[in-house]
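Undergrad: Below: one structure in structure tokens.
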Amino acid sequence: MPGDAVRSSAAVSSAVASIAETCGEAMTRGAEMAETDAASVGDWNEASRELNEIVSSFDEGEVSVDDVFAKLERATTIIEALEDRLRATSARVEELAPRVRGLDES
């Protein structure tokens, strides 16, 4: 199940990158202006759900020109926060792995 979340995050990141390419410089400005604010993103499931909703709104053509920048900026913030969480979780797992291996040897 955790692997599914990582693959899902990668798929969503890829979709957002594709949208950004279509929107030109809007994504660049959004990425520069977006701040990674993990508190505003919520937990992993909430953030994934919100990101999927943003991507779906682009896929379904439901985004007005006025909303493109705001949605891309929010998507960037969510992706950055989720990537930060993945890095932190990976570092914690790497830190704990030797301890777990030590338990197997006992």
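The values are calculated or read from the model by the stated rules, or taken from the named source; none is laboratory data. Since we're looking at a predicted model, the values are computed, not measured. Cβ sites come from the backbone with ideal geometry, for glycine too, and all protein chains shown count toward neighbours.
Undergrad: Counting just the residues of the range 66-81 that are at pLDDT 90 or above and charged (D, E, K, R), which one comes out nearest to S14 (Cα to Cα)?
TA: So the residue we want is E80.
Undergrad: Tell me which residues, restricted to the range 76-87, are surrounded by 13 or more Cβ atoms within 10 Å (Cβ to Cβ) and free of Cβ contacts under 8 Å to residues at least 60 places away in the same chain. Talk me through it step by step, then tell me what you get.
TA: So in the range 76-87, the residues surrounded by 13 or more Cβ atoms within 10 Å (Cβ to Cβ) come out as 76-86.
Residues satisfying the conditions are T77, I78, E80, A81, D84, R85.
Undergrad: Right, something else. Residues in the range 52-66: is at least one surrounded by 13 or more Cβ atoms within 10 Å (Cβ to Cβ), free of Cβ contacts under 8 Å to residues at least 12 places away in the same chain and hydrophobic (A, V, I, L, M, F, W, C)?
TA: Yes, the range 52-66 contains at least one residue that is surrounded by 13 or more Cβ atoms within 10 Å (Cβ to Cβ), free of Cβ contacts under 8 Å to residues at least 12 places away in the same chain and hydrophobic (A, V, I, L, M, F, W, C).
Undergrad: Identify, from the list V93, V63, the residue that is at pLDDT 85 or above and either over 18 Å from the mean Cα position of the chain (by Cα) or not in a helix (DSSP H, G or I) (or both).
TA: V93
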